[in-house]
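The block underneath contains the structure these notes are about, expressed in structure tokens.
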Amino acid sequence: MFPTKEAGDYFNNNVILIKYQLDLADPDGIMEKYAIRAYPTFIFVDGEGKEYSRFLGGANDAKTFIERTQNAIKPENSWAYREEKLKSDPSYTLEHIKYLNSVYMQDQAKEMLYALFATRSVTENFSKESVSLYNSLITEINSPIIDYMINNQKEVIALMGEEEFGSFLTSKANSHISNKLMRLDIEKPESVKDFETELSKINSTPLFTSKYTRFLVDNLNNIKDKNIEAVFDNSAKLLPELNTADRSMVLSINTNVARICKVSADQDVLNKRMISLFEIAVAVEKDSRYLESYRSTLERLKE
């Protein structure tokens, strides 16, 4: 199973390998036991099954993967070392939260983050380093940090700036409702009601609402009626008017609209509609990172 003799010699002499295809089945409850949220996750455990360390993602070659493994089993990268450092050096907490986020242990990271937030000054809580972490970790509006921002706008804006303050809140509202949309089951009334409630809550709060969330309101009946052509048409009209963030979110709806609406659509027809939308996005997008992504997607769709 090893691509090189070097890899075989190293792993056969240093670790016992066990592979689980967890996206197919998990009869032993491995995902819950080890809080696995992304693939591939490589977990190192002792003889009793207690986790020693972990890392995410593979490598482009055997040498790099061996180096990642060697780094993971160093004592200073073990959970025991991290736990002791947390006890002896409270200033390490933020770095540990970053690590938890990097290995997709977001629930644990958020729990520690919210506890830390309650103990620090507003200046510390809204430093550039802290806000950067919030941006990568917080994906919903149900957060004590966001509650604080809404209830203490003046002091937070003084630290973040009005533009960043506003874009942060709308981006979290967009992520929140998009996550709900991806889990929407239009065949189940309770799922639809939950989504409508969340969408109404966002659009009734000026700090959360955006052209993207209003687009969802305007097209909710089309989604419930499985009228994906109307969603495509309305998206095409709106895309040039949107900012970069909202444009990206509207495109993501169309990428998933057939699945969300639970319709069997001709793939060639869908591709043609998506090509037309991404051509619009390429024509109007100013952000170079998004523009490159849209061009790449357009090329792929045209293949």
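Each reported figure results from applying straightforward, stated rules to the coordinates on display, with no laboratory input. Keep in mind that what you see is a predicted model, and the values were worked out from it rather than measured. Here the Cβ is made from the backbone with ideal geometry for all residues, glycine too, and neighbour counts use every protein chain on show.
Points worth noting:
- With the gyration tensor restricted to C-alpha atoms of the chain, the semi-axes of the equivalent ellipsoid amount to 38, 29, 19 Å, longest first.
- The ranking of Arg295, Arg289, Arg54 from fewest to most other beta carbons within 10 Å of each one's beta carbon is Arg289, Arg295, Arg54.
- Pairwise FRET efficiency - Asn221 versus Thr139, Cβ, R0 = 25 Å, nearest 0.05: 0.40
- Fully extended contour minus Cα-Cα distance, from Glu163 to Glu51, at 0.36 nm per residue: 36.0 nm
- Label separation (Ser191 vs Asn13): 5.3 nm, computed from points 7 Å beyond Cα along the C-beta direction.
- Building the convex hull from the alpha-carbon atoms of region 212-303 and averaging its projection over directions returns 5.4 nm².
- Counting Lys and Arg as +1 and Asp and Glu as -1 over every other residue whose Cβ lies under 14 Å from the Cβ of Gly57, the net charge comes to +1.
- Computed extension length for Ile73-Leu86: 2.8 nm, one decimal, from 0.36 nm per residue of separation with the Cα-Cα distance subtracted.
- Residues in region 139-169 that a label on Thr123 would reach, taking backbone N under 15 Å of a point 7 Å out along Cα→Cβ: 155-156, 158-160
- The length gained on full extension between Ser132 and Thr205, counted as 0.36 nm times the residue separation minus their Cα-Cα distance, comes to 23.9 nm.
- Non-local lysine pairs in region 190-250, meaning eight or more places apart or on different chains, with alpha-carbon distances under 18 Å, amount to 5.
- Two-site FRET efficiency, Tyr114 against Ala230, from Cβ-Cβ distance with R₀ of 30 Å, rounded to 0.05: 0.15
- Straight-distance candidates among the lysines for linking to Lys74, with alpha-carbon spacing under 27 Å and chain neighbours fewer than 8 residues away dropped: Lys5, Lys19, Lys33, Lys50, Lys63, Lys85, Lys87, Lys98, Lys110.
- Spatially, region 269-301 and region 1-78 are offset by 37 Å when compared through their Cα centroids.
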